[in-house]
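To keep things clear, I will list the structure first and then write my remarks on it.
Just so it is clear, none of the values below were taken in a lab; they were calculated from the coordinates. Small disclaimer: the values here were computed from a predicted structure and weren't measured. Virtual Cβ from ideal backbone geometry, glycine too; neighbours counted across all protein chains shown.
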């Protein structure tokens, strides 16, 4: 009964946070934007010595260094993060392609850009430096040249670079024929109008180019969405057959990947806040608009559901396999096997001494680079290793807390080594490490938030996709935080029920004595 009440209270608190916090934060954001409006910039020279936001993995940092040597460069992994920092006053300007700045301004009326253009960069698709990659690159380049000569490329640009979303139709990617196999395309899904998520599907100028190419050449198309800094890495590691992310062609990048014929020449500009002095919307209106854009418009709530499913799949499988792995390793080591203990010490040192995101990227981009294992499976493997190392440590601590006299007493009663462990030692050890076990579950479900680095569409990544589409910070972030809170509470509740059943101090008398003859 107490467990049920705890779960009810947890859900009630989660819903309250989801409803109340965005209101408070939206009010704060509204007030903050009013203060920042007085510091708007008129030209690039005024940004000397200021904080400039750039995307990790782009060439924008070099452009800033050349134009504003005294500027402080701040790196971000997503456009949404960078825009949120600009609106919060954490940076003074950010670098974006002019087309991207235009589309941000459609959704976010508080931004504008300065007239000076830093460069005109050729944008292209990237391919692996392999024999198959070179052949595919040549075929795609010929396709781009054909579109340019026929005028179709310019038509597609006009279609996708306009503000009217109703004309931006796409062929059904899932219906493409697989006569010649399937091509995997790496994309961010957050770069309007090149590639972005609409109605829970990825669309855009570059996506349509890729889809038409596959349709003409008999390929099915699988799109892997990931952070920008993972796009070129996935191509270089041959996890994907080609990539699109408004990729500028540079000599340094040519050393790692091949580029097709350019399909666009992009100008880069400084994005700054508008002068909105005297303008102030009601914070309740802001909240309503944020909620509608985050959940209702284009049925974006489905993205959150899909993310929850992926997060829970990774978490539950990692807990299950990690528990089995840690238990199996402990059983090999518990009698003092020197080889098993040496290997286990190295394993625990290696896994626990490395940041989880680094471990996942090593597994995905190096160890399983040539395999067809997808990011979700790699995430399960990585977190199984992490949870298995923790499980081994918990078992060792729990068994160590059981008095050695228990083992001696069991031997005196004629129990063997294995039977003593499972019938006497383990039941007494479980209550000692179950509290730590619950804590590890909470840590694990929160740690899964980094799987977006290896092209997994988990809850956090879906939140980033929504933010990248709406440029709203508070509702997506608060929603993701509350959902993690609720998921962790559910899993801990389930483990708590197990803890209640195995702890003699907390079980009912009739359950403790179940199966025992009281009147011999």
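The candidate values were (i) 31.0; (ii) 25.5; (iii) 33.4; the one computed from these coordinates for mean projected area of the Cα convex hull in nm² carries the label (i). Using a Förster distance of 51 angstrom, determine the FRET efficiency expected from the C-beta separation of residue 249 and residue 337, and round it to 0.05. So the FRET efficiency works out to roughly 0.35.
With the highest mean first, a sort of the peptides 475-485, 44-54 on other beta-carbon atoms found within 10 angstrom per residue produces 475-485, 44-54.
Stretch residue 159-residue 413 to full length: gain in nm at 0.36 nm per residue minus the Cα-Cα span? Don't jump to the answer; show the numbers that get you there.
On the way: separation 254, 0.36 × 254 = 91.44 nm, distance 8.29 nm.
Difference between extended and current length: 83.1 nm.
Once both labels are positioned 7 Å from their Cα atoms along Cα-to-Cβ, the gap between residue 199 and residue 316 label points is 3.1 nm.
Assuming 0.36 nm per residue, please report the length gained on full extension of the stretch residue 403 to residue 182 beyond their Cα-Cα distance. List each step's numbers first, then the result.
On the way: separation 221, 0.36 × 221 = 79.56 nm, distance 5.98 nm.
Working it through step by step, the gained length comes to 73.6 nm.
Using 0.36 nm per residue and subtracting the Cα-Cα separation, the extra length available between residue 73 and residue 90 on full extension is 4.9 nm.
Each part gets one Cα centre, and for region 285-314 versus region 419-446 those centres are 36 Å apart.
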